[in-house]
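Here is the structure we will look at, set down as structure tokens.
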Amino acid sequence: MNILYFLFGSCLGSWICASAYRYDLPELKKKKRSICSICHHKLPFYDLIPVISWIHLKGKCRFCHHEIPFDHLLCEILCGLLIVLCMYLNHSLLMCSLICVLVYAAYTDMYHGLIPDRCHVLILLIYVLSEPYDLKNQIIFSLCVFCVLYLIAYLTQALGYGDVKYISSMSLFMNLYALSWMIKISYFFS
């Protein structure tokens, strides 16, 4: 069963990575089918099998032989493993959805230097649908986090405004202690 979860997760990872890559590229956004970003050749279905196709093609386009970024493979493997872990821990479909939104936000930020507003809306929607026991207090906490971080970003420019929105959105799922660790870890990796 874990193999099926991994395959499902890696398919999601492939779609997430392609969507994140195309987010701010109008010439690729219009295309319905998957194409090579260099030669714009339509990719056949057998070149789109997550993980296996990348390995089989040795990380290169079948047509122009340009390298397919390694982070595409990593996204497929990461999402596959996260979905397996989520199912193994008996988390809900909402938690799997949250994982997908977070991976999409991370990859869009990596490719384009921004986190789409739809990610924040989806995080809020997932939080509300998860039927939290203390909705009102957690939303107040999140708004306080937003105000403090916005003020820090405005005065020091040590944070970007996208980071402020992202951390505020994620604070819905965390207490102050966990949030402080998230900020420390993200600062370390930036």
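The values are calculated or read from the model by the stated rules, or taken from the named source; none is laboratory data. Just so you know, these numbers come straight off a predicted model, no measurement behind them. Note that we place each Cβ from the backbone using ideal geometry, even for glycine, and neighbour counts take in every protein chain shown. Accessible surface is based on the protein model in full, side chains and every heavy atom, while ligands, DNA and RNA are left aside. Shrake-Rupley method; radii C 1.70, N 1.55, O 1.52, S 1.80 Å.
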Of the residues in segment 88-108, how many are open to solvent by less than 60 Å² (accessible area, probe 1.4 Å) and over 19 Å from residue 14 (Cα atoms)?
1
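Yes/no matrix, rows are residues, columns are (1) open to solvent by 60 Å² or more (accessible area, probe 1.4 Å); (2) β-branched (Val, Ile, Thr); (3) out of contact with any Cys (no Cβ under 7 Å at 6 or more places or on another chain); (4) under 30 Å from residue 25 (Cβ atoms):
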residue: 119; (1), (2), (3), (4): no, no, yes, yes
residue: 154; (1), (2), (3), (4): yes, no, yes, no
residue: 157; (1), (2), (3), (4): yes, no, yes, yes
residue: 161; (1), (2), (3), (4): yes, no, yes, yes
residue: 180; (1), (2), (3), (4): no, no, yes, no
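Given the structure, is residue 111 under 16 Å from the mean Cα position of the chain (by Cα), under 21 Å from residue 16 (Cα atoms), surrounded by 13 or more Cβ atoms within 10 Å (Cβ to Cβ) and of a type in the set (Phe, Trp, Tyr)? Outline the logic, then answer.
On the way: under 16 Å from the mean Cα position of the chain (by Cα): yes; under 21 Å from residue 16 (Cα atoms): yes; surrounded by 13 or more Cβ atoms within 10 Å (Cβ to Cβ): yes; of a type in the set (Phe, Trp, Tyr): yes.
Against the criterion (under 16 Å from the mean Cα position of the chain (by Cα), under 21 Å from residue 16 (Cα atoms), surrounded by 13 or more Cβ atoms within 10 Å (Cβ to Cβ) and of a type in the set (Phe, Trp, Tyr)), residue 111 qualifies.
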Over segment 3-61, the set of residues over 19 Å from residue 116 (Cβ atoms), open to solvent by 50 Å² or more (accessible area, probe 1.4 Å), out of contact with any Pro (no Cβ under 8 Å at 6 or more places or on another chain) and in contact (Cβ under 8 Å) with a residue 40 or more places away in the chain is 5, 6, 8
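Residues are listed down the side, and each one gets a yes or a no for (1) touching a helix residue (DSSP H, G or I) at 6+ places or on another chain (Cβ under 8 Å); (2) open to solvent by less than 70 Å² (accessible area, probe 1.4 Å); (3) part of a helix (DSSP H, G or I); (4) closer than 25 Å to residue 107 by Cβ:
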{"residue": "124", "(1), (2), (3), (4)": "yes, no, yes, yes"}
{"residue": "132", "(1), (2), (3), (4)": "yes, yes, no, no"}
{"residue": "136", "(1), (2), (3), (4)": "no, no, yes, no"}
{"residue": "144", "(1), (2), (3), (4)": "no, no, yes, no"}
